[in-house]
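Undergrad: Got a structure for you, questions after.
The values are calculated or read from the model by the stated rules, or taken from the named source; none is laboratory data. Just so it is clear, the structure is predicted and the values come from calculations on it, not from any experiment. So basically every Cβ, Gly included, is an ideal-geometry build from the backbone, and we count neighbours across all protein chains shown. Just so you know, the surface numbers come from the protein's heavy atoms only, side chains and all, with ligands and any DNA or RNA stripped out. Shrake-Rupley method; radii C 1.70, N 1.55, O 1.52, S 1.80 Å.
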Amino acid sequence: MKKILIIGAGVIGLSISYELSKIKRFKITVLEKARNIGSKNTSKNSQVIHSGVYYKKDTLKNHLCIKGKNLIYKFCKKYKIRNIKTGKLFLACTKKEEEYLNVLKRNAIKNGVNDVKIIHQKRLNQMEPMLKGNKALLSPSAGIFDVKAFIKKLFQISKQNKVKFYFEVKNLKIQKINSKFRTDFLKDEIFDFVINCAGMDAIDVAKQNFPNYKFPKNKFVKGIYFKTKENLKLKNIVYRAMLPGDVKERIDITPLLEGGYILGPSVEKLNLNIKKKLKYKFINGIKNHLKSINEKKILYFKEGIRPKIMINKPKSNEDFYIKKVKNYNWVNLFGIESPGLTSALSIAKYVKKMI
Ligand SMILES: Cc1cc2nc3c(=O)[nH]c(=O)nc-3n(C[C@H](O)[C@H](O)[C@H](O)COP(=O)(O)OP(=O)(O)OC[C@H]3O[C@@H](n4cnc5c(N)ncnc54)[C@H](O)[C@@H]3O)c2cc1C
């Protein structure tokens, strides 16, 4: 029997516990600092199943997003979790953005997303009459899903498969005993393997336990959402055209399963407080590509923190970091920003191979 400790019950910890719990010779324990599952970044995102159009080729983000997308749709079908394959439009409103569409299309096909197509103005107007753009790239395999129901199912199946969960585990301390691990929380258990998926705290957890190792640094960025209940009559998720790997601030429009739309996320400094001004940044962003919107119905919704990481100063690392600590049975998952949700089930399979 191999004893495995998972730190963190966000979508990543839960996906890993679900995947590993299918293996009978593993005994799995999940320790979570908060009172509930998925209360941090897992509940503070757009709920988008990304199609994998704009990640750089041969990155983990690229491979794991595309695999994860297919796994999520299958999982949703099997367990009747609400989802809609809405499709996503990358909208070009300027000549420059029209050029981006060709680059995006080539990148998508190179990445293995073969169903993308360029939509010309007439067809675009028929598809989405509320949009202003000249042209768009359609990625039909993007969608939205019920993240709450998804993580609840992962949790339920893990528990059925005898995974033990403990919540409100504060100030977790881990001791190394030769090549194994013991926690101050469960003193009688010796773990053979630790998986650190503590989200924004993951680097701190790793540093506490391996003070002499060099790990990436945190480079957190805040993302703020507004919301409208107005029926904008958009079926697709709408992004502005961009260059692959160059994920700048955009005000995306994403339909919500329960009706209405979320707007954003923006890109803000970590210490930004919600200011009135911000609403106008959103309104101006939206007005660039939408024919009309009722400004009064736009309200602040929520915010999340992108756990970006930096390996070599000053450049930030744009890929997921999933690595074993040298000479130890300890895997760190750092920088699991978007498309972390989409990739969760394939990240779990990737980690399984490391054990
Ligand atoms: C603004 C924004 C929008 C996004 N939109 C999308 C999207 O549309 N689609 C998509 O695919 N991805 C999206 N993402 C990314 C996605 O939300 C994340 O990749 C995903 O939620 C990461 O999950 P996680 O389990 O790693 O982190 P978290 O959900 O943060 O979970 C980490 C868990 O570890 C726990 N923890 C921390 N420290 C300890 C400790 N010491 N001991 C025990 N437990 C601990 C925390 O309490 C938490 O529950 C978005 C992210 C942001 C910020």
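Undergrad: Given Cβ point charges of +1 (Lys, Arg) and -1 (Asp, Glu) and nothing else, what value in debye, to the nearest 20, does the dipole of the chain about its Cα centre take?
TA: About 260 debye.
Undergrad: Could you check how much of the accessible area of the chain is carbon and sulfur, as a whole percent, using a 1.4 Å probe?
TA: Using a 1.4 Å probe with all protein chains present, the chain comes out at 51 percent carbon and sulfur.
Undergrad: Which loop-located trypsin sites (Lys or Arg not before Pro) does segment 1-42 contain, where loop means any DSSP state but H, G, I, E or B and the Cβ has at most 16 other Cβ atoms within 10 Å?
TA: LYS22, LYS24, ARG25, ARG35
Undergrad: Suppose each label sits 7 Å from its Cα in the direction of the beta carbon; what would the THR94-ASN178 distance come out to in nanometres?
TA: 6.4 nm
Undergrad: Alpha carbons only, please: Rg and Dmax for segment 3-150, in angstrom.
TA: Cα only, segment 3-150: 18.7, 59 Å (Rg, Dmax).
Undergrad: Something else: What are the ³J(HN,Hα) values, in whole Hz, obtained from phi via the Karplus relation 6.51 cos²θ - 1.76 cosθ + 1.60 with θ = phi - 60°, for each residue of segment 293-299 in sequence order, with x given for Gly and Pro?
TA: Couplings: 8, 7, 4, 5, 8, 7, 10 Hz.
Undergrad: Not counting ligands, DNA or RNA, and with a 1.4 Å probe, what is SER266's accessible surface area in Å² rounded to the nearest 10?
TA: Approximately 0 Å² of SER266 is accessible to the 1.4 Å probe.
Undergrad: Among the chymotrypsin sites (Phe, Trp or Tyr not before Pro) within segment 217-260, which fall in a DSSP loop and have no more than 14 other Cβ atoms within 10 Å of their own Cβ?
TA: PHE220
Undergrad: Could you work out which residue, out of HIS50, HIS120, HIS63, moves most in a Gaussian network model of the chain, that is, has the largest mean-square fluctuation with Cα springs under 10 Å?
TA: Of HIS50, HIS120, HIS63, the Gaussian network model singles out HIS120 as fluctuating most.
Undergrad: Ok, one more. Roughly what % antiparallel, to the nearest 5, for the DSSP beta bridges in the chain?
TA: 70 percent
Undergrad: When the Karplus curve 6.51 cos²θ - 1.76 cosθ + 1.60 is applied with θ = phi - 60°, which whole-Hz ³J(HN,Hα) does each residue of segment 318-333 get, with x for Gly and Pro?
TA: 9, 10, 5, 10, 10, 9, 7, 6, 3, 6, 10, 8, 9, 10, 9, 10
Undergrad: Mind giving me the nanometre distance, one decimal, between the label points for LYS279 and GLU258, set 7 Å out from Cα along Cα→Cβ?
TA: 2.1 nm
Undergrad: Are there trypsin sites (Lys or Arg not before Pro) in segment 134-187 that DSSP puts in a loop and that have at most 15 other Cβ atoms within 10 Å, and which ones?
TA: Those satisfying the criteria are LYS162, LYS170, LYS173, LYS187.
Undergrad: Hey, another quick one. If you roll a 1.4 Å probe over the heavy atoms of the protein chains, what accessible area per residue do you get for segment 89-209, in Å²?
TA: 51 Å²
Undergrad: Here's another thing I want to ask about it. Which residue fluctuates most in the GNM of the chain (Cα springs below 10 Å): LYS69, LYS61, LYS207?
TA: In the Gaussian network model the winner is LYS207.
Undergrad: Which value at 222 nm does the chain reach when only helices count, each DSSP H run of 4 or more adding -39,500 (n - 2.57), with the total divided by all residues and rounded to the nearest 500 deg cm²/dmol?
TA: -9000 deg cm²/dmol
Undergrad: Moving to a separate point now. Out of PRO255, PRO307, THR228, whose Cα points farthest toward the positive end of the dipole of the chain (charges: +1 Lys, Arg; -1 Asp, Glu; placed on Cβ)?
TA: Result: PRO255.
Undergrad: Let me ask something else about it. Among the aspartates and glutamates, which have Cα under 20 Å from the Cα of LYS279 when same-chain residues fewer than 8 positions away are ignored?
TA: GLU230, GLU249, ASP252, GLU268, GLU295, GLU303
Undergrad: Taking the Cβ-Cβ separation of LYS170 and LYS214 as r and a Förster radius of 25 Å, what is the calculated FRET efficiency to the nearest 0.05?
TA: According to the calculation, E is roughly 0.35.
Undergrad: Distance from a point 7 Å along Cα→Cβ of ASP188 to each backbone N in segment 155-173: keep the residues under 12 Å and list them by number.
TA: Those under the cut-off are none; the list is empty.
Undergrad: On to the next question. ILE28's amide H: which non-local residues (gap 5+, or another chain) put their own amide H closer than 5 Å, with H modeled 1.01 Å from N in plane and none for Pro or chain starts?
TA: Those lying under 5 Å, H to H, from ILE28 are ILE4, LYS164.
Undergrad: While we're on this one: Given R₀ = 30 Å, what would the calculated FRET efficiency be for SER39 paired with ASN102, taking r from the Cβ atoms and rounding to 0.05?
TA: Result of the calculation: an efficiency of 0.10.
Undergrad: Enumerate the aspartates and glutamates that LYS176 could reach by cross-link, defined here as Cα to Cα under 16 Å, with residues fewer than 8 away along the same chain left out.
TA: The qualifying aspartates and glutamates are ASP184, ASP188, GLU189, ASP192.
Undergrad: Residues with amide H under 5 Å of TRP330's amide H, sequence separation 5 or more or different chain, H placed in the peptide plane at 1.01 Å from N; which?
TA: It is VAL194, VAL325, by chain and number.
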